[in-house]
Amino acid sequence: MTWARKTNETDIELDFALHGTGNYNIQTPIPFFTHMLEQFAKHGRFNLTLSVTGDDPHHIIEDVGILLGQAFSESLTDKTGIERFADSLIPMDETLIQIAVDISGRSYLGYEVNYPTAITSGFETEWARDFWMAFLQNAKLTLHIRSLSGFNTHHMLEAVFKGTAITLRRALKITGTDLPTTKGVL
Ligand SMILES: [Mn+2]
């Protein structure tokens, strides 16, 4: 399915499949962000074609997060049988990142990632938090991300993006036959 978002600040076109094979074609003006979205698509096994232009890196990253979150939510209209909860411990060399997800229908971000530098490869570390906040507010899920160790900012950011994708994929897995909630609504 396709989604689009056009404002005075950004212009985004997105083709997204929740249950894909990890195929991607991502074009953004921010090379490190492109690298992170490629990790997200590959390790989430999402299909993701994205092109974005915009006036400012923060606007671009936040608006891509909003649209991807919408695509995630609108692709998951039927939650019957999903695992719902998942967690992961993701290493990348010296880096170790812990991630937990609840596809809860509610939005919450716990984010304690201690990057050693504020910027790497032209990417400001605070933009990663902006992205995940925008994503989960629209995807309506609970996400906790923590760094247990790491001294390379590139590795830490990459493990956050890979790990969140992996954890979402695990939470989306069909392991049952009914809605995983006693409320009757998820
Ligand atoms: Mn890398």
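Just so you know, all these numbers are worked out from the coordinates, no wet-lab data involved. Because the structure is a prediction, the values reported are computed rather than measured. Here the Cβ is made from the backbone with ideal geometry for all residues, glycine too, and neighbour counts use every protein chain on show.
Tabulated results
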| read-out | value |
| --- | --- |
| Estimated 222 nm signal from helices in the chain, with DSSP H stretches of n ≥ 4 weighted -39500 (n - 2.57), rounded to 500 | -12500 deg cm²/dmol |
| From phi via Karplus (6.51, -1.76, 1.60), per-residue ³J(HN,Hα) for segment 85-98 in Hz, x at Gly/Pro | 9, 7, 9, 9, 10, 10, x, 8, 6, 6, 8, 9, 10, 10 |
| Relative contact order (%) - criterion: Cα under 8 Å, at least six apart; region: segment 85-172 | 45 percent |
| In Hz, Karplus ³J(HN,Hα) per residue of segment 159-167 (6.51, -1.76, 1.60; θ = phi - 60°; x = Gly, Pro) | 5, 5, 6, 4, x, 5, 4, 4, 5 |
| Neighbour cut-off at most 16 other Cβ (10 Å), DSSP loop, chymotrypsin sites (Phe, Trp or Tyr not before Pro), segment 116-153 | 151 |
| Ranked list, fewest to most other Cβ atoms within 10 Å of each Cβ, for 101, 52, 160, 185 | 185, 52, 101, 160 |
| Loop trypsin sites (Lys or Arg not before Pro), segment 116-186, which have at most 10 other Cβ atoms in a 10 Å radius of their Cβ (DSSP) | 183 |
| In segment 1-97, the trypsin sites (Lys or Arg not before Pro) that fall in loop regions by DSSP, at most 13 other Cβ within 10 Å | none |
| Relative contact order (%) - criterion: Cα under 8 Å, at least six apart; region: the chain | 26 percent |
| Eligible lysines near residue 173 by straight Cα distance, threshold 28 Å, same-chain separation 8 or greater | 42, 79, 140, 162, 183 |
| Per-residue Cβ neighbour rank within 10 angstrom, fewest leading, 177, 117 | 177, 117 |
| Potential extension, residue 112-residue 74 segment - 0.36 nm per residue separation minus Cα distance | 10.8 nm |
| Residues listed by number, segment 102-146, amide nitrogen under 18 Å from residue 181 label point at 7 Å toward C-beta | 102-109, 136-144 |
